[in-house]
Amino acid sequence: MSIWLRLAVKEITNNRRFSLLFIINLAIGLMGFIALNSFNHSLHAYLEDNLKKILTADFLVSSNRPFSPEANAVLDEITGESKTESRQISFLSMAAGPAYSRLARIAAMDVNYPLYGRIMLQGDRRGGPDSIQAHLMDKPGVWMSVNTAASLGVQKGDTIQLGQKTFYVADLIQEDPESAISNFEIAPLLYIGLDQLEGTQLIRFGSHVDYTIFYGFPAGTDIQAIIQDLKKAMAGRPDLFFTVEVIDQDRVSQRVGRAVNYFTGYMGLIGLVALFLSGIGAGYLFRGYLEKNLKQIAILMSLGANRVEAYIMFFSQVILLGIIASISASVLSFLVLPVFPRIFHGLLPPDLTVQADIYSLSLALLLGALGSVMFCLPAVIRIHQLKPLHILKGYGPAKARSRRMLYLRAAAFLPAILGFWILTVDQVNAVGKGTLFLAGFLCAALVLGLAGWLLMKGSRVLSHTPRIVWKISLRNIHRNRVTSVSCFLTIALGTYLLTLGPQLKSGLEQEVNRPKGLMIPGFFLIDIQPEQVEPLRAFLEDKGHPLANVSPFISGEIKKVNGEDLAQWVDQMEEGRGPRRANREFNFSYRADLSSSERMIQGRPLSHQPYDFAAGEPAEISLAESFADRYGLGIHDVLEFDIQGIPILGKVVNIREVRWNSFQPNFFILFQLGVLEDAPKTFLASIPQMPEAEKLSLQNAVVAEFPNISMIDVSRMVENILTITDRISFSMKFMAYLSIFAGLIVIFSIARQETQSRLWEINLLKVLGAGFRDVRSIILLEFSILGFMAAFTAVILSIISSYIISFYYFDRLWSFRVDHNLFSILAVTAVCALTAFTAAGKIIRQKPLSILQAV
Amino acid sequence: MILKVDNIYKSFAQAESGLLEILKGVSFKMEQGETLAIAGQSGSGKTTLLSLLAGLDSPDSGSVILDGEDLNRLNEDRLAKFRASKIGMIFQQFHLMPHLTAAENISLPLEILKSRDIEERTSEALKQVGLENRRHHLPGHLSGGECQRVAIARALVVKPAILLADELTGNLDSRTGNQVADLLFDLVDSIHMTLILVSHNLELAGRCQRQSRLADGKLQ
């Protein structure tokens, strides 16, 4: 072993307190990082392994219109003889039990479903082709999950009503392809046989139906080649396939992956912040340790060691400690990982097992070794200007006066920033987002650092007080610059993370529960046939409930924008701004006046005059702001539509801001009156809020009378959304707490180190007559001021950030949470003071004599 | 001639008073085996001169030629190696590595130089300073005199061309100081070592062949 490595090991073992605190600091941050990374890997690996199970096929083609015989012939020819296929028709509908009814997704399938994966019925029986044939195709049977059966108040053998037809509950499902992703059910799945669909009369003009063909091929088939041929053929026959899309495993992987990435990416970033805070703590500790050991470097240099060898010795120590921290963190992460499925309960596939993987452990080892070097580099760089004889004479280290040294010191922070950037990009899997996060994070750190610096300066002014405890505490804050700013930054960043999430959620929650100036409806109704509008209105009025916001709903295509094909228009858009692909089919409506959930933000109102087809001018249209932004559209742009085969030109005259969370019928594109009145359509409507007790009977009555109309219980939906957001919010809070914990360890380390380095001072105070209580008060006050100011600044910053984020991303939904913010400030202050007191307790209780001996 | 110090100047930038000139043209020569004592008041530049002679700092102008090498012309790596092999240093506060035993402290320069026979040479050095029975003791468990003897052994173990001693007995009582001084001068005599001693102690300075005083940045 080289002399330097040997010395490094010796130093580590001889400075056990420092080594232990350094390892704990780094291990806490690394633990969160390893656990999250392993969780991400397990989740992605699970999804990757279960792609076929989720898709239930090698690929599928899906359309919202039935496949024509001609389209079927083309599909058959390309997919060839060796395939197996399964057909399914799915749509939303009401399912009515004897006492309860609810919205459900009906999947009418043939015997071959699923081609991959399986449906397991209660009692570990497989729902294979024979069962489907016997119970769902030959008889009007339905399969549903145990939860769905409970919500409809039925058991196996009972009957439910789907449209005009009565089905019996043939069996209850234990596991199906849907449960591979999540077990949250907003509209649970009911399986029926394709042959039994006809009698329901649920599919009418304008019904929202998905027609799907699943394809499976023998092993070794070049599936990608078939998909390419299929896409080519479909592009050549837009008349047959314009609403058809091919979904393969890549697509599912992208879709599921994107959703998972948003979530895990965010969690990963918070994990990184925890790691960063740990790094600050470790870097700070090392700075103090190095300061104490400068003399040893000086001795070594006076004995002939050069600076490189001195660097080697310290970096060996840091790397060794980092590796020990990584190993400790890996062991700890094995304890934390089993907790993850509990934290994310309901958001994850139920059979997902989370385990630490070799990639995460290796990354942690690398991070422990390199990360600790990066965080300690700004401290170690001081060796560069060390003058051994000055140190040995007890003059202390020289200050960086030369410009070169200042640049060198500043440059020493760059590897840490670069490393942090690489990790953020790795976490969110996108350079732009990673860079944006890092920039935002550095800005926040800069603002908080500046606030810390101002506090330090201000404390000098305030320290001109006759009260000795205040005077010394404030002077301590002022003169220990690095300590004060490090503590401030660490506490503030942790508090910022902890308060930002709830502050953001607060606005959303309030808006979802009680939108300002809007009444959330009790029910949202879809698929109302034109001839049902008036009978439905009369029926509801008879029951004492008005039918509100009745809105026509027309489907059509957007062909061109300003004379350019829509696909080309989208392709020209700046990468990342436009939609991923040009979806041609859209839903439109018409009305002269805006609803209470809309506000015109640009242009002029739509004309009240009915459109004159003879005039040859484009019709007036209004766009929702989000749609206009996504497709890069503005006032005066001209869009060419195909509404059920009739070409129509529309010119944008205004842009609307839409409150989608109002649960009122809203549309991306509204036409002026007189354009779409004669087009085939269905209607959407709502029923105003009513007492909870009346809801079920009204829903049952409407389902009985108008079985094809789907009713969405808005309160129930909001409840579901809030349950999911609560889960996500809880998961995020867990990570924020981890970062706060990392921050507390930092405070503990800093307070301990500071009190150790102030032994002489504390001793002097005691010799001069200060009691234990006075010394304790000084420490408590110093860290309370730091904690309070850091938490206060962080809360202010989180309020501002949450407002900005809400303004740009959540339609300005923002509200101020006094209670939570106030509690955060007080709690953080108290925790800081307590942590510092615990860290310093032993030292401040020592007798002055023993301290003198220690010196 | 083992050492030639030629007209060296050294100043430091001071925030308050601008440039502070410490050494203003110091020159002297030494032959192999010669001993020189340098005295001077606090702040007269003794430590600065010592750090220039040890190659731990470089002069603003002038040169230090030791054993035929101009220290100014050596890069940092070569200077460190040169220091390890040619210069021995002894300090008032001993400056031993606190977590290394007496033997480990003495062998440190040999390890830095990656020398052979480290064990034997360390034992020999311990024997020379009369500390064979203290080889496994940490500095904290040694007396002041013993610590300084370890420091002397450490300085001499590589057989340097010159020995620089800074207030050799400043941290020791007079009896122990005399014993340590006797030991040092005996060893220096026996191996014909060149010695520069910085000291306030006139009696100790008087044991050197030559005495000089550093005042106003010049050697008198």
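Observations, loosely collected:
- Extending 7 Å from the Cα toward the beta-carbon at both A:ARG776 and A:LEU366 defines two label points whose distance is 5.0 nm.
- For the pair A:ASN562 and A:ALA615, the difference between a 0.36 nm per residue extended length and the Cα-Cα distance amounts to 17.1 nm.
- For region B:26-81: rounded, prolate or oblate by the Cα gyration tensor [a/c cutoff 1.5]: oblate
- Using all pairs of distinct alpha-carbon atoms, the Kirkwood hydrodynamic radius of region A:1-140 works out to 21.5 angstrom.
- Chain B: relative contact order in percent, alpha carbon pairs under 8 Å with at least 6 residues between: 31 percent
- Efficiency of FRET between B:GLU31 and B:ARG135 - r from beta-carbon atoms, R0 35 angstrom, step 0.05: 0.50
- Rounded to the nearest 20 debye, the dipole size of the protein assembly as shown about its Cα centre is 6300 debye, using +1 on the Cβ of Lys and Arg and -1 on the Cβ of Asp and Glu.
- Nearest 10 degrees, 0 to 90: helix B:102-112 Cα axis against chain B principal axis: 60 degrees
- Here the Karplus curve 6.51 cos²θ - 1.76 cosθ + 1.60, taken at θ = phi - 60°, turns the phi angles of region B:89-101 into couplings of 10, 10, 10, 4, 8, 6, 6, 8, 6, x, 9, 10, 6 Hz, with x standing for Gly and Pro.
- Filter on A:LYS651/A:LYS681; A:LYS387/B:LYS46; A:LYS295/B:LYS86 - keep pairs with C-alpha separation over 18 Å: A:LYS651/A:LYS681; A:LYS295/B:LYS86
- Between region B:202-220 and region A:120-146, the alpha-carbon center distance in angstrom: 108 Å
- Built amide H within the under 5 Å cut-off of A:MET573, gap 5+: none
- Longest segment of chain A lacking chymotrypsin sites (Phe, Trp or Tyr not before Pro) that sit in a DSSP loop with at most 11 other Cβ atoms within 10 Å: A:396-855
- Measuring nothing but how far apart in sequence close Cα pairs (under 8 Å, 6+ apart) lie, relative to its length, chain A scores a relative contact order of 16 percent.
- Across region A:547-687, the relative contact order, built from alpha-carbon pairs under 8 Å that are at least six residues apart, equals 39 percent.
- In the protein assembly as shown, the DSSP-assigned H stretches of four residues or longer account for a calculated mean residue ellipticity at 222 nm of -16500 deg cm²/dmol, using -39500 (n - 2.57) per stretch and the full residue count as denominator.
- Alpha-carbon centroids, region A:538-576 and region A:261-318: separation in whole Å: 58 Å
- More than 19 angstrom apart: percent of Cα pairs within region A:290-388: 57 percent
- Built amide H within the under 5 Å cut-off of A:ASP176, gap 5+: A:MET120
- Computed E for A:ARG716/B:ASP77 - FRET, C-beta separation, R0 60 angstrom, nearest 0.05: 0.20
- Oblate is the label for region A:80-130, because a/c, from the alpha-carbon gyration tensor with a ≥ b ≥ c as root eigenvalues, is 1.5 or above and a/b does not exceed b/c.
- Förster radius 41 Å - calculated FRET efficiency between A:ASP629 and A:GLU291, Cβ distance, rounded to 0.05: 0.15
- Think of each Lys and Arg Cβ as +1 and each Asp and Glu Cβ as -1; about the Cα centre, that makes the dipole of region A:16-96 roughly 800 debye.
- Global geometry of region B:37-178, whether rounded, prolate or oblate, following the gyration tensor of its Cα atoms and the 1.5 cut on a/c: oblate
- Virtual paramagnetic centre 7 Å along Cα→Cβ of A:GLN249, amide N under 15 Å, in region A:222-236: A:222-227
- For the pair A:VAL550 and A:VAL818 in one chain, pulling the backbone fully straight at 0.36 nm per residue adds 92.5 nm over the alpha carbon distance.
- Crossing angle, helix B:144-156 versus chain B [Cα axis fit, 0-90 degrees, rounded to tens]: 70 degrees
- In order through region B:57-71: 3J(HN,Hα) via Karplus (6.51 cos²θ - 1.76 cosθ + 1.60), integer Hz, x for Gly, Pro: 8, 10, x, 5, 8, x, 9, 10, 10, 10, 6, x, 10, 7, 4
- Beta bridges by DSSP in the protein assembly as shown, antiparallel share as percent, to the nearest 5: 70 percent
- Charge dipole of region B:82-123 (Cα centre as origin; +1 on each Lys and Arg Cβ, -1 on each Asp and Glu Cβ, all else neutral): 260 debye, rounded to the nearest 20.
- In summary, the convex hull built on the alpha carbon positions of region A:547-687 has an orientation-averaged projected area of 8.5 nm².
- Chain A: DSSP helices with Cα axial extent of at least 30 Å and average Kyte-Doolittle hydropathy no lower than -1.0: A:16-49, A:249-302, A:307-336, A:431-462, A:481-513, A:714-757, A:772-809, A:818-845
- Spin-label pair B:GLN209-A:THR353: with each label point 7 Å from Cα along the Cα-Cβ axis, the two points sit 8.3 nm from one another.
- Long-range Cα-Cα pairs in the protein assembly as shown (distance over 53 Å), rounded percent: 41 percent
- Label-to-label distance, nm, for residues given as B:HIS200 and A:ARG237 (7 Å Cα→Cβ offset): 10.6 nm
- Listed by Cβ neighbour count within 10 Å, with the fewest neighbours leading, A:VAL469, A:VAL154, A:VAL638 appear as A:VAL638, A:VAL469, A:VAL154.
Bear in mind that the values in this text are calculations on the coordinates, not laboratory data. Given the structure is predicted, the values throughout are model-derived calculations rather than measurements. For neighbour counting, all protein chains shown are included, and Cβ atoms are generated from backbone atoms with ideal geometry for every residue, glycine included.
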